[in-house]
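Colleague: Here it is: the structure, laid out below.
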């Protein structure tokens with residue numbers, strides 16, 4: 001079967017390869033689920049892996065099949081599988097369990113192992129191919145009514161994890177009732193965080209770099225959020241007007257804005273969620289004493305979040321369903337750049353970061 005592989009650490013090495021089709025028996029004890037991949041979303045991670053910045057091949061291979069944002073349909077199940085049936089639509093979790101305590105309790109996104117297992121990224125092949133076989137524990141069932149937008153579930157799960165953890169941390173305050181939230185970044189995860197927070201009833205301001213009107217600002221405003229371009233108003237200027245935010249979700253992919261948010265946006269007893277993976281060597285000069293004092297006296301929290309587990313994927317299904325019901329067609333507008341067929345994977349990689357691109361995805365088979 002066809003797949004797209006890279007040689008980790010080698011720039012621009014993405015290429016079409018032929019690999020053996022997996023078998024149900026690859027998963028022991030009759031627990032295999034054969035999945036036909038229908039759509040595969042791409043993001044900055046795939047671009048950076050193809051640039052040779054990171055990525056690790058599975059043991060015994062010199063290549064890594066990329067892609068981690070999948071949507072598929074169950075084709076066949078093993079004799080001990082009761083959770084799924086042929087014809088079910090599914091999304092696969094990205095992290096696989098390692099050896100730490102957190103892996104053993106099915107939260108591999110919190111692993112303390114130095115070597116982690118992540119489809120299409122680290123030590124496990126990804127989904128930019130035609131079929132995969134998986135254990136049911138790693139699959140999330142998708143309602144029929146969401147199959148057209150379910151390729152967004154993996155990035156949704158990232159936003160869900162950050163927001164759910166923020167609420168969990170803020171239980172320390174006993175009576176925390178956030179009313180106002182800021183989202184830094186108006187890309188895929190930023191817009192999905194915006195709609196999740198709106199689903200929770202918060203007043204949301206989404207900050208992006210580009211000046212409105214354009215598609216991303218229109219999408220933020222379509223769910224009742226305010227959109228502000230940082231070219232037109234700085235975070236400091238906004239904070240002077242608003243007094244700051246109870247919850248700040250960072251998804252900008254630009255590390256200096258983190259320190260700007262720490263200085264200005266986080267209200268007393270507030271929380272700042274960092275979700276961007278920034279692999280560069282950018283440096284910033286910051287007022288460290290002022291930031292430290294403000295966080296201490298204001299009882300403020302900042303934490304990082306990466307990947308997601310089953311709880312967050314399932315919460316994502318619920319929020320996608322609410323968004324589809326509340327704002328019909330909104331999620332489909334995020335799917336801006338379809339590419340048809342694995343043979344045209346280079347077009348998908350080229351579209352990442354292109355003007356107007358929100359979610360680039362490859363149509364591998366018909367739903």
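Colleague: Test of understanding: among 132, 116, 89, which residue is surrounded by 20 or more Cβ atoms within 10 Å (Cβ to Cβ), in the same structural domain as residue 67 (by TED's automatic domain parsing) and farther than 25 Å from residue 147 by Cα? Reasoning before the result, please.
Modeller: Numbers: 132 fails: farther than 25 Å from residue 147 by Cα; 89 fails: farther than 25 Å from residue 147 by Cα.
The unique qualifying residue is 116.
Colleague: A further question on this structure: For residue 302, which of the numbered conditions (1) loosely packed, with under 15 Cβ neighbours inside 10 Å; (2) in contact with a strand residue (DSSP E or B) (Cβ under 7 Å, 6 or more places away or on another chain); (3) over 30 Å from residue 14 (Cα atoms) fails to hold?
Modeller: Here residue 302 clears every test but (1).
Colleague: Could you check, for the stretch 172-195, whether at least one of its residues is in contact (Cβ under 8 Å) with a residue 24 or more places away in the chain, assigned to a helix (DSSP H, G or I), more than 19 Å from the chain's Cα centre (by Cα) and surrounded by fewer than 21 Cβ atoms within 10 Å (Cβ to Cβ)?
Modeller: Of the stretch 172-195, the ones in contact (Cβ under 8 Å) with a residue 24 or more places away in the chain are 173, 176, 178-195.
Checking the rest, the ones that are also assigned to a helix (DSSP H, G or I) come to 173, 188-195.
Narrowing the set further to residues that are more than 19 Å from the chain's Cα centre (by Cα) leaves 173.
Going one step further and asking which of them are surrounded by fewer than 21 Cβ atoms within 10 Å (Cβ to Cβ), we end up with 173.
The answer is yes; a qualifying residue exists.
Colleague: Also, I was wondering about something else. Can we say residue 46 is more than 20 Å from residue 87 (Cβ to Cβ), assigned by TED's automatic domain parsing to the domain that holds residue 121 and over 23 Å from the mean Cα position of the chain (by Cα)? Before you say what the answer is, go through the steps one by one.
Modeller: Values: more than 20 Å from residue 87 (Cβ to Cβ): yes; assigned by TED's automatic domain parsing to the domain that holds residue 121: yes; over 23 Å from the mean Cα position of the chain (by Cα): no.
So residue 46 does not fit the description; no.
Colleague: I'd like to check something: does the stretch 216-228 contain any residue that is closer than 23 Å to residue 306 by Cα, surrounded by 15 or more Cβ atoms within 10 Å (Cβ to Cβ) and in contact with a strand residue (DSSP E or B) (Cβ under 6 Å, 6 or more places away or on another chain)? Full working, then the answer.
Modeller: Within the stretch 216-228, the first condition is being closer than 23 Å to residue 306 by Cα, and the residues that meet it are none.
No, the stretch 216-228 has no match at all.
Colleague: Looking only at strands (runs of 3 or more DSSP E) that fall completely inside the stretch 261-367, which ones have 2 or more residues that are farther than 30 Å from residue 234 by Cβ?
Modeller: Working: elements: 266-274, 301-304, 337-340, 360-363.
Where strands (runs of 3 or more DSSP E) fall fully within the stretch 261-367 and carry at least 2 residues being farther than 30 Å from residue 234 by Cβ, they are 337-340, 360-363.
The values are calculated or read from the model by the stated rules, or taken from the named source; none is laboratory data. Small disclaimer: the values here were computed from a predicted structure and weren't measured. Methodologically, a virtual Cβ is constructed for each residue, glycine included, from the backbone with ideal geometry; neighbour enumeration extends over all protein chains shown.
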